[in-house]
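The structure appears right after this line, and notes come after that.
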Amino acid sequence: MEKKKTPKVIFLVGPTAVGKTDLSIRLAQALDGEIVSTDSVQIYQKCDIGSAKPTSEELAMVKHHMIDCLDPRMSFSVSEYQAMAKPIIKDIIKRGKTPIVTGGTGLYTNALLFDMDFGQAIEDLPFRKEMETFAEVEGALKLHEKLKAIDPDAAAKIHFNNKRRVIRALEINHITGANMKDFKKDPVKTSDYDYLLIGLTRNRLKLYARIEKRVDMMLNEGLIEEVESLKKMGIDDTYQSMQGIGYKEVLSYLDNHYDYDTMVKLLKQNTRHYAKRQMTWFRRYDDIVWLSLDEVKSIEEQLSTILSMLTNKEKKEGEA
């Protein structure tokens, strides 16, 4: 029997502000790799500061993919992400380089770890338009109540302000007669490439301190001005790009819903909550290998540890 080959793709995941960017760049340099982002906001142009996008200097150090791909007015689905990113990964491998997939958006990570059927062919555009019109006339809450009546499980998981997902759940039920949980099948791990999934973690209080420092840094670097510029383009909180943490809080501040201090407090609080949700998501992966950046502090030690993980995985698969 032919033995499995060494993993060709390294996934580096973890909560916001844990330290993915620096380590992914150093890892890509060490392994002659290229970085594929799984960040749902960094994919948008002009969303730089609020998404903690790598700087122009960092982008120049290693080739990055799936960053600055879309106009901030565009919507973008997970299935579209998968359709764009998977061929990029395959091309990197074909060119003899190592893909370093990194980011904090769990759904995008799922789309690359699993062969997922997103039901791209299952759509009813007239029904979708009808629901969009209903939402405009009756409001997001009334639309959400429609979903709650036919699929309470989906309604409990989807916020009423996320009209796009509410309408998608209604559309699936309308076409198939099935609820979201029935429609989604258990995902199967991708057979397109081997991978090593590494989760980065830190002590919770230390991570929260890094989050607070990052928020302060974003504000000093011009986050408010960035959002003001997007707002002048006519981009408000109804656009997908503005659903990211940082953008929606600043938009509400600019719309005089609360004062500056409240905005900063909410921004830090919501980012902490988001980091907690990210960790909950990533802990569900049964094949994830965790690396504590509190215990392995220097970048050299972190790189050495990851290279050892690769060697150990190759050895185990060779013995299988």
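The values are calculated or read from the model by the stated rules, or taken from the named source; none is laboratory data. Worth saying up front: this structure is predicted, and the values here are computed from it rather than measured. Because the Cβ atoms are built from the backbone with ideal geometry, glycine has one as well, and the counts that use them run over all protein chains shown. Just so you know, the surface numbers come from the protein's heavy atoms only, side chains and all, with ligands and any DNA or RNA stripped out. Shrake-Rupley method; radii C 1.70, N 1.55, O 1.52, S 1.80 Å.
Annotations
- Residue among T98, T55 that is of a type in the set (V, I, T) and surrounded by fewer than 17 Cβ atoms within 10 Å (Cβ to Cβ): T55
- A single entry from I67, I88, I93 fulfils the requirement of being in a loop (DSSP other than H, G, I, E, B), β-branched (V, I, T) and open to solvent by 10 Å² or more (accessible area, probe 1.4 Å): I67.
- Test: residue in the range 282-292 that is outside any helix (DSSP H, G or I), crowded, with 16+ Cβ neighbours inside 10 Å and out of contact with any strand residue (DSSP E or B) (no Cβ under 9 Å at 6 or more places or on another chain): no
- Residues in the range 239-252 that are open to solvent by 60 Å² or more (accessible area, probe 1.4 Å) and touching a residue at least 40 places away in the same chain (Cβ under 8 Å): Y239, Q243.
- Residues that are at pLDDT 90 or above and either among the small types (G, A, S) or within 30 Å of I288 (Cβ to Cβ) (or both), drawn from the range 111-148: A111, L112, L113, A135, G139, A140
- Any hit, the range 154-164, residues being open to solvent by less than 70 Å² (accessible area, probe 1.4 Å) and farther than 25 Å from I245 by Cα: no
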